[in-house]
Amino acid sequence: MLTTHIRRCQVMITLTTGLLLTGAVPTQAAERSAPCPTTGHATQEFGPAPTGFHYGLNIANTTGTLVKAGLAGKVTYSGTSGGLGKHLVVTHADATKTVYAHLWKHSVAVGTAVNSSTKIGEMGATGTTDGRAQLHLQVIAGGEKINPRQKYTCPQ
């Protein structure tokens, strides 16, 4: 348990400061505060929820609202599954993964290199949602799901 706690602290320090515990200089400082991948308003935050812990940030807008990559990386998954509906996974240079879920439409295929301005899809209401078009933004760092606000600057 202590090892898990220490690992989470290491991930948090790396994400919030851009520095590893070794004091390495970050290679892409811009990745510490990436632009939000879409527009709209937050409808559900990362954290405890009535149905259990919510491991992402939901941003609502209209169906078809543009979703961009937010950070440079490579598309490592594009498909549909259960509660996430149509979704994409982008893996970044630091091995962090960003999940973009509830999409109405995908715009990129697995293996595609993307940057912060690349259109990757359009907002939708696929999977398990409250019926509104939304983006479920999820970040996985070091195997742990973390608050997307540690990586992206998104609306409240």
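Per residue of the range 35-42, in order, report the coupling 6.51 cos²θ - 1.76 cosθ + 1.60 (Karplus, θ = phi - 60°) as ³J(HN,Hα) in whole Hz, putting x for Gly and Pro.
x, 4, x, 8, 10, x, 10, 5
For the range 63-77 and the range 78-100, what is the centre-to-centre distance using only Cα atoms, to the nearest Å?
9
Applying 1/(1 + (r/R0)^6) with R0 = 25 Å to the Cβ-Cβ distance of Lys145 and Thr62, what FRET efficiency is obtained, to the nearest 0.05? Intermediate results must be reported in sequence, preceding the final value.
Working: r = 27 Å, r/R0 = 1.09.
Approximately 0.40, to the nearest 0.05.
Per residue of the range 51-65, what does 6.51 cos²θ - 1.76 cosθ + 1.60 with θ = phi - 60° give for ³J(HN,Hα)? Whole Hz please, x for Gly and Pro, Karplus curve as stated.
Here the 3J(HN,Hα) series is 9, x, 6, 9, 8, x, 10, 9, 10, 9, 6, 8, 4, x, 4 Hz.
Placing +1 on the Cβ of each Lys and Arg and -1 on the Cβ of each Asp and Glu in the range 32-150, which of Val75, Thr38, Gln150 has its Cα farthest towards the positive end of the resulting dipole?
Val75
Bear in mind these aren't lab numbers, they're just calculated from the coordinates by the rules spelled out. All figures in this text were calculated on a predicted structure; none of them were measured in a lab. Heads up, the Cβs are rebuilt from the backbone with ideal geometry, glycines too, and the neighbour counts pull from every protein chain shown.
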